[in-house]
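Encoded as structure tokens, the structure appears first; notes follow it.
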Amino acid sequence: MPHVITQSCCSDGSCVYACPVNCIHPSPDEPGFATAEMLYIDPDACVDCGACVSACPVGAIAPDTRLEPRQLPFVEINAAFYPKREGKLPPTSKLAPVIEAPKITRDGPLTVAIVGSGPAAMYAADELLTQRGVRVNVFEKLPTPYGLVRAGVAPDHQSTKRVTELFDRMAAQRGFTFYLNVEVGKHLTHADLLGHHHAVVYAVGAPNDRRLDIEGMDLPGTATATEVVAWINGHPDHTDLPVRLDHERVVIVGNGNVALDVARVLTSDPDALARTDISDHALAALRSSAVQEVVIAARRGPAASAFTLPELIGLTSTCDVVLDSADHDLVLRDLAQETDPLTRNKLEILAKLGDASAPITRPRIRFAYQLTPRRVLGENQVTAVEFGVTGTDEVRTLDAGLLLTSIGYRGKAIADLPFDEDASVVPNDGGRVIDPATGAPVPGAYVAGWIKRGPTGFIGTNKSCAAQTVHHLVDDYNAGALTDPPRKPSALDKLVRARQPDVVDAAGWRAIDAAEIARGGDDRPRDKFTTVPEMLAVAVTAPKPSVRQRLTAGLLG
Ligand code: NAP
């Protein structure tokens, strides 16, 4: 009865280190780890102890006898990662080689500011706090933490959102302080942060979308899929996004996992979504939606699909997904030539999809291939999207009332730091910010997550990414390359409160969290507040820390 890793695998590798027989791969020290779509349990080596189940932060692992029907394909997917072996297994090391925590060899408390509170920020804080006496202050512009886990993970992926329980435990550690509702660049500058910390780690993600530069993109009825995900998730900046669902068809350009998330939500039964933490405004719009078909249009062929295999399996097991006959032919063409087992797996699933000529019985998703967007048509609003058939002169037009582009995220320049416009990242060497003019590190400045490596990977990918940054930061601290901050920790608290009287602390966040969970009642995990004033009204009801707690936290000087 081996255990099996399923769709919501976050790839943070916690299971790898919990496993007593090193049967989960690729492990973080192995070459394929950074690009793997998920991790896999070797069914022949698994001793069925369940240690990985307890270690997994997103509930992705179960014994093969307790899988839901939609999870059954993952039995074969886990097994297929390993070569077929006869007889006794070759000996392996008993444990995966643990990557050593960074060791501080200097006296005095290292103090670090982290900007952002998404996965990369939280993993960086946790890595720093493995060392005694370290103080980490996390600055987040919203009153609520955890970045894309709260505002980017689709509401029907509640298992993935469970990683916030791990983040809550990280935030509860001694030495960790939240400064929420504080925007670096508006309330505080980089120089302000360096006045109170040895170093600043920017883990601000990639907040912008890549824009599709074609005629008609300014028409009402165009938006980006990531804006729609934020609207669905109740992000306060996107509550008023006009999402037109009054036409029977929506077209999404790009076929990565974000496109799949949006298509799934737009075609799901609203009664099922009503049991998630979807925003009330999105649920109301979906209840009166006229959408019958979401077309996910890719400019290349099926073998080049950007979505991952686990997400394709999740999609096809919950939604009606179809292909038209020309696209079926493309799938068969690619399948005849493809040798990569992972891609073959995707193509085999695509080959079994129903035909688009069948009558629509419930809202469905259609994958379409070889379509390069040319222009958006319509007088005062979108009525259709014109594509060129890639590599030919043929033109194809799809009627639609809403065009969403889902062609990737883009990092945004950070005040006082260099920026690489082409790659949309802060230039860095393993997380140390590099001045492109001199090639030298910018003292005290570091990056982690998407602003460091670009918008790729999963929640857990940020763990090893953040660990690399923290190792370099600690090396620099040990080498005396980081200047001791001139001001006392207590002065930071005063400065923040002077610049942003509405700062929200950990107690404020816990009050918001508890109120949202209570509002959700018995049927929903939570009912989110979607405006900052609502959040602040709840945060101020939180008990204030006692003098003793403030003294312990070093906030009084
Ligand atoms: P993505 O995976 O990079 O996909 C981008 C898509 O946009 C590709 O299909 C790409 O096609 C297309 N594209 C780019 N430029 C285009 C253009 N000018 N015209 C037409 N198409 C264009 O991006 P994403 O979906 O935003 O995902 C970002 C990251 O988050 C990924 O690593 C993803 O796996 C991760 N994510 C994971 C989950 C999950 O695990 N559940 C959920 C959401 C996001 P080409 O390939 O032809 O360039």
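The values are calculated or read from the model by the stated rules, or taken from the named source; none is laboratory data. Please read all numbers here as calculations on a predicted model, not as lab measurements. Here the Cβ positions follow ideal geometry from the backbone for every residue, glycine too, while neighbour counts run over all protein chains shown.
Structure summary
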{"read-out": "Looking only at the range 156-182, and only at residues there that are in a loop (DSSP other than H, G, I, E, B) and within 12 Å of the ligand (Cβ to nearest atom), the one that is surrounded by the most Cβ atoms within 10 Å (Cβ to Cβ)", "value": "Asp156"}
{"read-out": "Out of Val385, Val395, sole residue that is aliphatic (A, V, I, L, M), surrounded by 19 or more Cβ atoms within 10 Å (Cβ to Cβ) and outside the structural domain of Ala191 (by the TED database)", "value": "Val385"}
{"read-out": "Options Pro418, Pro455; residue that is within 28 Å of the chain's Cα centre (by Cα), over 30 Å from Ser8 (Cα atoms) and surrounded by 15 or more Cβ atoms within 10 Å (Cβ to Cβ)", "value": "Pro418"}
{"read-out": "Criterion: among the aromatic types (Phe, Trp, Tyr) and more than 30 Å from Leu473 (Cβ to Cβ) - qualifying residue of Tyr82, Tyr17", "value": "Tyr82"}
{"read-out": "Which numbered condition Asp327 fails, given (1) of a type in the set (Asp, Glu); (2) under 17 Å from Val253 (Cα atoms); (3) more than 16 Å from the ligand (Cβ to nearest atom)", "value": "(3)"}
{"read-out": "Selection from the range 291-318 of residues that are crowded, with 20+ Cβ neighbours inside 10 Å, away from the ligand (no atom under 11 Å from the Cβ) and in a loop (DSSP other than H, G, I, E, B)", "value": "Val291"}
{"read-out": "Meets criteria (outside any loop (DSSP other than H, G, I, E, B), modelled with pLDDT under 95 and within 16 Å of the ligand (Cβ to nearest atom)) for Ser464", "value": "yes"}
{"read-out": "Residue in the range 217-237 that is part of a helix (DSSP H, G or I), crowded, with 22+ Cβ neighbours inside 10 Å and free of Cβ contacts under 8 Å to residues at least 12 places away in the same chain present", "value": "no"}
{"read-out": "All positions within the range 421-452 that are over 13 Å from Ala203 (Cα atoms), crowded, with 17+ Cβ neighbours inside 10 Å and within 16 Å of the ligand (Cβ to nearest atom)", "value": "Ser424"}
{"read-out": "Any pair with Cβ under 8 angstrom, 6 or more apart, that starts in the range 368-381 at a residue that is in the same structural domain as Leu353 (by the TED database) and ends at one that is basic (Lys, Arg)", "value": "Tyr369/Arg300; Gln370/Arg299; Gln370/Arg300; Leu371/Arg299; Leu371/Arg396; Thr372/Arg299; Pro373/Arg299; Gln381/Arg244"}
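Each row is one residue, and each column tells you yes or no for (1) within 13 Å of the ligand (Cβ to nearest atom); (2) exposed (fewer than 14 other Cβ atoms within 10 Å of the Cβ); (3) closer than 26 Å to Leu266 by Cα.
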position: Asp334; (1), (2), (3): no, no, no
position: Thr339; (1), (2), (3): no, yes, no
position: Leu350; (1), (2), (3): no, no, yes
position: Arg362; (1), (2), (3): no, yes, yes
position: Arg366; (1), (2), (3): no, no, yes
position: Gly378; (1), (2), (3): no, no, yes
position: Gly391; (1), (2), (3): yes, yes, no
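One line per residue, one yes/no per condition, for (1) within 19 Å of the chain's Cα centre (by Cα); (2) at positive phi; (3) without any contact (Cβ under 8 Å) to a residue 12 or more places away in the chain; (4) not assigned by the TED database to the domain that holds Pro119:
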| position | (1), (2), (3), (4) |
| --- | --- |
| Gln7 | yes, no, no, yes |
| Ser14 | yes, no, no, yes |
| Tyr17 | no, no, no, yes |
| Val21 | no, no, no, yes |
| Pro26 | no, no, no, yes |
| Pro31 | no, no, yes, yes |
| Asp42 | no, no, no, yes |
| Val47 | no, no, no, yes |
